[in-house]
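Structure first, then comments.
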Amino acid sequence: MAYIQLRNITKKFGSVYANRRICLDIHKGEIHALLGGNGSGKTTLMNILAGRYKYDEGNILIDGRKAVFHSPGDSVKAGIGMIHQHVDLVDSLSVEENILAGTEKGLFPTRKKARGKIKDLAELYDFHVEPEGKVYQLTIGGKQAVEILKVFYRGASVLILDEPTSVLAPIEARALFVNLGKMKENGCAIVLITHKMQEVFDISDRVTVLRKGEAVYTSLTADTGQSMLTEKMVGHAIEGRTEYRAAPRRDIRPLLAVSDVTVHNRFGSAALSGVSLDIRPGEIHGIAGAAGSGQKELCDVIAGIAAADEGRILYNGKDIAHMPIAGRAAKGVRIGYVPEDRMDTGLVGGMCISDNVMLRRIDREKGLFFNEKKARDLALRIIGKYGVDAVDPAQKLKDLSGGNIQKILLGREIEEAPDLLITAYPVRGLDIGATNYIFGLLRERRDSGMAILFVGEDTDVLLELCDRISTLYRGRLTATLDAAGTTKAELGLFMAGGGTGGTR
C-alpha cells in the first residue's frame with residue numbers, strides 16, 4: 001500500500017479548476033516525478049499536500065489513515081516537507097540558526113544537541129555545510145541543502161521538491177541527484193516537481209503527468225519513453241524534435257561591446273566585476289551560470305534599467321553605460337528586453353492586453369490618453385502573429401497562461417524592431433509546446449540579423465540554441481565559448497567557476 005494516497009483531490013480558484021479529481025500514490029523508498037506544463041496543477045497539488053492550500057473535494061490518506069491539514073504546521077507534523085523553487089533563509093544568520101528558527105523548544109537550551117543532530121544529518125546525506133557557517137557564504141546549492149536539512153530536522157520522511165534544479169549549476173544539480181538517491185535508499189518518499197524531461201529519466205522511479213489540472217498518465221519510468229510523456233503533456237503527438245543548430249559564425253563588427261563593467265548591489269558588493277563581452281548581429285549569445293551569478297545585473301545594465309559603476313557599454317561604438325533609458329530611442333539605440341520577472345518588470349497583470357502592448361510606446365504617444373484603436377490593432381496583430389490564445393484584446397493579462405503571457409511580451413518587444421533583444425529565462429516554467437515555439441521564434445529573429453542575448457539555465461538548450469556562450473560565476477566572467485566546440489561537461493565546469501577561462 002502506498003504511504004500517501006491522494007484520492008479525487010479537487011481545487012478551484014474562482015471558477016477555474018487548478019486540480020480536478022486527481023488520484024496519486026506516493027511510496028517510501030521511491031522518487032516520483034510530477035511532470036507537466038505550465039499551469040498543469042503540479043505545484044498546487046503539492047501545496048495542498050504541504051498544507052498551504054485547502055482542497056475543495058477529496059481525501060488524503062497517510063499510512064492508511066485520513067489526514068486533514070489546516071496549516072503547513074500540520075503537514076510538517078505529519079512528516080511532510082516541501083522545498084520551494086527559491087530558498088527562504090535569513091542570509092545574516094548561521095545555518096544552525098536558520099534550521100532551528102521556529103522550532104517549539106527555542107534556540108538556546110537545545111543548541112549543543114541540535115548542532116550534533118544537524119551534523120549527523122549533513123553527514124548522512126553528504127551535504128557539505130557547517131552549522132556555525134553563515135548562510136550568505138553559501139552557494140545556491142548550499143542554501144538549498146540547508147532548506148532540505150531544515151525539513152529533515154523537523155522529522156520529515158516525505159520530501160517534495162519544486163523545480164529544484166532551476167536555480168542550480170549543472171554540477172550542483174548532479175550532486176543533488178546523488179543526495180536524493182541516498183535519501184531514497186534510507187526510505188524517504190520523494191516527489192520531484194519538474195518540467196524537464198531529462199530529469200525524469202535521470203532520477204525518478206515513477207512518473208505522473210498532469211495536464212490542465214488532471215492526472216492523465218502514471219507509469220514506471222523504465223516502462224515509458226520521451227515521446228509518450230511529451231504526448232501526454234501536450235495532449236497530442238509532436239512530430240520530430242525542434243533542432244537548435246547554431247548559425248554560421250559571422251566575422252562582423254559587434255553591435256554591442258561590454259568592457260570591464262562593474263555593478264555593485266545595494267549592500268556594496270560587486271554583483272558584476274570587470275565583465276567584458278561582445279554581441280554580434282545575427283547571433284544568439286548565451287549567458288550561463290548558477291542563479292545569482294550576475295545575470296540579472298548584466299541584463300539590466302545593458303537595457304538601461306541600472307547604471308554601471310565602472311566600465312563602458314558601446315552600442316555601435318557609442319557609450320550608453322550612463323545614457324538615460326528614456327533618451328536612448330532618440331539616439332538610435334534600439335534594445336528590446338524580456339526580463340526574468342515578466343509579471344513584475346515586463347507586464348502588468350491587472351491591465352488588459354491592449355494596454356500592456358502599448359507600454360513600450362507610452363513615451364511616444366501624444367496627449368493624455370492612449371489611442372485605443374492603435375492599441376487594439378497592435379494587440380490583435382500580436383495575438384494573430386504570435387499565436388496567442390486570447391479571447392479579446394480587452395482580456396486581462398493575468399487571466400492568460402504563462403506561455404501566452406510570454407508570447408505577448410516577446411511579440412511586443414519584437415514588434416519594436418530592436419537591433420538587440422535581451423531574453424532572460426524566456427521559457428522558464430513553460431510547457432514543451434510554448435518552449436518550442438519561442439525557441440523557433442528566436443532562431444528566426446537571429447537568422448534575420450537580430451542580435452540576441454539569451455540567459456538560460458539548461459545546458460542542453462544553451463549548447464543547441466546559442467552560437468556563443470559566456471559563463472558567469474559570482475559576478476565574474478569565466479569564459480566565452482563557441483557552442484559548437486563545447487561539451488556539456490566543459491560548460492558546467494565554467495559555470496561552477498572552474499576551467500582555464502578565456503575566449504575561444
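The values are calculated or read from the model by the stated rules, or taken from the named source; none is laboratory data. Everything numeric here is computed off the predicted structure, so don't read it as measured data. Cβ coordinates were reconstructed from backbone atoms using ideal geometry, including for glycine residues, and neighbour counts include every protein chain displayed. Accessible surface is based on the protein model in full, side chains and every heavy atom, while ligands, DNA and RNA are left aside. Shrake-Rupley method; radii C 1.70, N 1.55, O 1.52, S 1.80 Å.
Taking every alpha-carbon pair within region 280-409, the share separated by more than 17 Å comes to 66 percent.
The Cα atoms of region 393-440 define a convex hull whose projected area, averaged across directions, is 3.9 nm².
On the chain, 50 percent of the accessible area sits on carbon and sulfur atoms, based on a 1.4 Å probe. Only protein heavy atoms count here; under a 1.4 Å probe, residue 76 has an accessible surface of about 60 Å². Once the C-beta distance of residue 252 and residue 359 is scaled by a Förster radius of 30 Å, the resulting FRET efficiency is 0.40 to the nearest 0.05. Mean residue ellipticity at 222 nm, helices only, the chain: -9000 deg cm²/dmol; runs of at least 4 DSSP H residues each add -39,500 (n - 2.57), and the sum is divided by the number of residues. In the chain, the DSSP beta bridges split such that about 50 percent are antiparallel, to the nearest 5. Among 358, 82, the sequence by solvent-accessible area, most first, with a 1.4 Å probe is 82, 358.
Seen from all directions on average, the chain presents a Cα convex hull projection of 25.0 nm². A 1.4 Å probe, protein heavy atoms only, puts the accessible area of residue 341 near 50 Å².
Approximating the spin labels as points 7 Å out from Cα along Cα→Cβ, the residue 130-to-residue 325 distance works out to 4.1 nm. Computed from the Cβ-Cβ distance with R0 of 45 Å, the FRET efficiency linking residue 399 to residue 123 stands at 0.35.
Residue 140 contributes an accessible area of around 40 Å² to the protein surface, as traced by a 1.4 Å probe with all chains present.
Shown are 42, 182, 54, 318, whose ranking by accessible area with a 1.4 Å probe and every protein chain present, most to least, is 54, 318, 182, 42.
In vacuum, with every alpha carbon of region 55-164 counted as one equal point scatterer, what does the Debye formula give for log10 I(q)/I(0) at q = 0.15, 0.20 Å⁻¹? Two decimals, please. Taken in order of the listed q values, log10 I(q)/I(0) reads -0.67, -1.09. Dimensions of region 369-504 from C-alpha coordinates, computed as largest minus smallest value along each principal axis and given longest first, are 56, 28, 25 Å.
Just so you know, the Cα atoms of region 112-226 work out to an Rg and Dmax of 15.6, 49 Å. Among the GluC sites (Glu not before Pro) in region 266-372, those placed in a DSSP loop whose Cβ has at most 13 other Cβ atoms within 10 Å are 365. Distance between the modelled labels on residue 12 and residue 371, one decimal in nanometres: 4.4 nm (7 Å Cα→Cβ projection).
Averaged over residues, the count of other Cβ atoms within 10 Å places the peptides 229-236, 62-69, 459-466 in the sequence 459-466, 229-236, 62-69, highest first. The distance between label points at residue 236 and residue 21 comes to 2.5 nm (points 7 Å beyond Cα on the Cα→Cβ vector). Between residue 314 and residue 216, the C-beta separation translates, for a Förster distance of 45 Å, into a calculated FRET efficiency of about 0.30. Summarising the amide proton neighbourhood of residue 478: residues at separation of 5 or more, or on other chains, whose placed amide H is nearer than 5 Å comprise 471, 472, 473. Per-residue extension of 0.36 nm, minus the Cα-Cα distance of residue 226 and residue 487, leaves a gain of 91.7 nm for this segment. Near residue 271, the amide H atoms lying under 5 Å from its own belong to 263, 264, 265; only residues 5 or more places off or on other chains count, and H is placed 1.01 Å from N.
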